[in-house]
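Q: Before we start, here is the structure in question, set down as structure tokens.
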Amino acid sequence: EEDVEPKEEEEEEEEENDKEGGEEEAAKKKKKKKKKKKKKNNSTENGLQMGSHTDAVMGLSWNKIHRQVLASASADCTVKLWDITRASSPGITSSSAQSPLAATYQHHTNKVNCVAWHPSEGTILASGSYDQSVCLIDARTAGGASTSSSSSSGDVRRVKIPADCE
């Protein structure tokens, strides 16, 4: 009977140690959760940055003339222009920080799968879409930066491509 009692005491000590270890693990998990919450402060409720695409990005093109400008094509039917010099540093939340999004074009009616800048004219951008059209965009004027879906915008030229273009 004496042998049984020391074993029970050892088991009780181990249980207490396990409880303390469990408390430490719980404290570590809380710290990790706090870190995740801090990261979400710079984004919207769905985890995306303000102005970002809402569907898959299908194409990117750096402007070779204006090297700070990037164009992106997306499955959300938009083309977006980004000025990376306007992007704020990670972790800095300032009300004066500008969004890197420079313009949004909604001139396609289906997924936009490619964008390409003109090689020598740095303000002309071509975009191709699953709506079987190719559009040329003049990014110099503010009218092209509207979110209008009208293809007759003064800064967007649209060409419909027949399905059997061979």
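Q: Report the accessible area of Ile65, computed with a 1.4 Å probe over the heavy atoms of all protein chains in place, in Å² rounded to the nearest 10.
A: Using a 1.4 Å probe on the heavy atoms, I get roughly 90 Å².
Q: Work through the residues other than His53 whose Cβ is under 12 Å from its Cβ and net out their charges, Lys, Arg +1 and Asp, Glu -1.
A: Every neighbour counted, the sum reads 0.
Q: How would you order 69-75, 56-62, 113-119 from highest to lowest mean count of nearby Cβ atoms within 10 Å?
A: Per-residue mean Cβ counts within 10 Å order the peptides as 69-75, 113-119, 56-62.
The values are calculated or read from the model by the stated rules, or taken from the named source; none is laboratory data. The structure presented is a predicted model; accordingly, all values stated were derived computationally and were not measured. As a convention, Cβ positions derive from the backbone with ideal geometry for all residues, glycine included, and neighbour counts pool all protein chains shown. Heads up: the accessible areas ignore ligands, DNA and RNA and are worked out on the full protein's heavy atoms, side chains in. Shrake-Rupley method; radii C 1.70, N 1.55, O 1.52, S 1.80 Å.
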